[in-house]
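The values are calculated or read from the model by the stated rules, or taken from the named source; none is laboratory data. What you see is a predicted model; the values in this text were computed from it and never measured. Cβ placement follows ideal geometry from the backbone for every residue including glycine, while neighbour counts extend to all protein chains displayed. For accessibility, only protein heavy atoms count, side chains too; no ligands or nucleic acids. Shrake-Rupley method; radii C 1.70, N 1.55, O 1.52, S 1.80 Å.
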Amino acid sequence: MNNLKPGDTVLVIAPARKVAKEELYAFFQWASAQGFIVEESPNLYQEFHQFSGTDMQRTQDLIWAVAHPTAKAVFCARGGYGSMRTLFALKELNPALLIDLRNFTPKWFIGFSDVTVLHFWLNNLGWPTIHAPVAVQWNNSNEFLQSLNSLEMVLFKQKVEINTDKLMIFNKKEFNGKLLGGNLSLIYSLQGSNLFQLNNKPVLFIEDLDEYQYHIDRMITTLLNNCVFDKISALLVGGISELKDNTIPFGISHLSTLEEIANNFNIPIICGLPCGHLPVNLSLILGADITFDGHYLIQTLESSN
């Protein structure tokens, strides 16, 4: 992958929920300040119910982005829901893309939450991607500036360095492996599909928002039943934020469940990473190696510039 530089072309697509142009102004201002040339996907501002156009329109934009001959990065406008439908429509429009991207120039895809399904698809085919804020989130808050600094470190230097000294870690030990993952609800929905591949003991990352405590437990238990924790070398847990509960409390913390998993499967689990649906959403490079040295999570890619 290339380090981005002034004059590079970057794209904006909306693979899921609809977006209005004014929601992207702050992103456009940042991109202009970096000297980037921004191209909007042909159907970016289309509307179909809650979606950014029909499934076919969003898929046409995804194909346009993958095949773009000069772009260095693709920013997803927002999450919401729809990327799974977009990939399903790809089976009809261009099924070859689902299994082979060798004819196209790799480019960064950037986003999180619903974009998780695109991360898994691209990572499976050898393209690293960036788990980072979506374009509608650009603003000047102190928290976002921390997120932006982290993203710029990846875009311009291809580096990630996160201090874990203040985080909760179960079964602490050093590890290294290919990082995969994203939103837990999307990972849960990918179970049993060809998109969810865990080869060569990768490191799995999960995060989620606005779920009931029992459903977090259901999703983690599904991963247990599918032997996911036998297939990974470590688990990274970002924000599991804004949890809800029933009138009769569920009573079991996901942290206690994760501690039990760490002990039973002899894998390290790092909880509380500032990544995901949080005020600070630090970037991670998915589809690339990550190393834990006991204090820092580190990723470094070599630029092809």
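Relative to the longest principal axis of the Cα atoms of the chain, the long axis of helix 142-157 lies at roughly 70 degrees. Among the listed pairs Lys166/Lys244; Lys18/Lys201; Lys18/Lys72; Lys21/Lys107, those with a Cα-Cα distance over 28 Å are Lys18/Lys201. Here r is the Cβ-Cβ distance between Asn94 and Ser189 and R0 is 22 Å; the resulting FRET efficiency, rounded to 0.05, is 0.45. Its convex hull of Cα atoms gives region 208-305 a direction-averaged projected area, equal to a quarter of the hull surface, of 8.1 nm². In region 118-252, the alpha-carbon atoms span a convex hull of 158 Å³ per residue.
Summed over all non-identical Cα pairs, the Kirkwood treatment of region 166-212 gives a radius of 12.6 Å. Protein heavy-atom surface of region 192-305, 1.4 angstrom probe: 48% of the accessible area is carbon and sulfur, with nucleic acids and ligands not counted. Along region 196-205 the Karplus relation, 6.51 cos²θ - 1.76 cosθ + 1.60 evaluated at θ = phi - 60°, assigns HN-Hα couplings of 8, 10, 10, 9, 6, 6, x, 9, 9, 10 Hz to successive residues, with x for each Gly and Pro.
In percent, rounded to a whole number, the relative contact order of region 49-119 is 44, using alpha-carbon pairs under 8 Å and six or more apart. Angle check, please: helix 83-93 long axis (alpha carbons) against the longest principal axis of the chain (alpha carbons), in degrees 0 to 90, nearest 10. Tilt of helix 83-93: around 50 degrees.
The label-point distance for Glu47 and Asn163, in a model that sets each label 7 Å from Cα toward Cβ, rounds to 4.6 nm. Once all protein chains are placed together, Thr222 keeps about 30 Å² accessible to a 1.4 angstrom probe.
Accessible surface computed residue by residue for region 175-262, with neighbouring protein chains in place and a 1.4 Å probe, gives 44 Å² per residue.
Close amide H pairs (under 5 Å, H built 1.01 Å from N) link Val134 with Phe112, residues at least 5 positions away or on another chain. In this structure the amide hydrogen of Phe205, modeled in the peptide plane, comes within under 5 Å of the amide hydrogens of Leu180, Gly181, Gly182, Leu236, none closer than 5 places in sequence on its chain.
The alpha carbon centroids of region 39-82 and region 265-286 are separated by 27 Å. Couplings 3J(HN,Hα) of region 210-222, computed from phi: 6, 10, 6, 4, 5, 6, 4, 5, 4, 5, 5, 5, 4 Hz, in residue order, whole Hz [Karplus 6.51 cos²θ - 1.76 cosθ + 1.60, θ = phi - 60°; x for Gly and Pro]. Each label point was placed 7 Å from the Cα along the Cα-to-Cβ direction; for Lys244 and Asn200 their separation is 4.1 nm.
At a threshold of 8 angstrom on Cα-Cα distance, excluding pairs fewer than six apart, so keeping six or more, what relative contact order does the chain reach in percent? Computed value for the chain: 21 percent relative contact order. Residue separation of Thr300 and Leu255 scaled by 0.36 nm, minus their Cα-Cα distance, works out to 13.3 nm of gained length.
Quick one: order Leu98, Leu148 from most to least accessible surface, probe 1.4 Å.
The most accessible residue leads, giving Leu98, Leu148.
Near Ser241, the amide H atoms lying under 5 Å from its own belong to Asp208, Leu209, Asp210; only residues 5 or more places off or on other chains count, and H is placed 1.01 Å from N.
Just so you know, the Rg over Rh for the chain is 0.95, from Cα atoms, with Rh as the Kirkwood radius.
Apolar share of the accessible surface for region 1-70: 52 percent from carbon plus sulfur atoms, 1.4 Å probe. With angles folded into 0 to 90 degrees, how steeply does helix 254-265 sit against the dominant principal axis of the chain? Use alpha carbons for both and round to 10. The two axes meet at around 70 degrees. If you plug the beta carbon distance of Ser141 and Phe104 into 1/(1 + (r/R0)^6) with R0 = 45 Å, you get a FRET efficiency near 0.80.
Label point of Gln29 set 7 angstrom out along Cα-Cβ; within region 128-152, amide nitrogens under 12 Å from it belong to 138-141.
Applying the criteria of a DSSP loop state and at most 13 other Cβ atoms within 10 Å to the GluC sites (Glu not before Pro) of region 148-241 yields Glu174.
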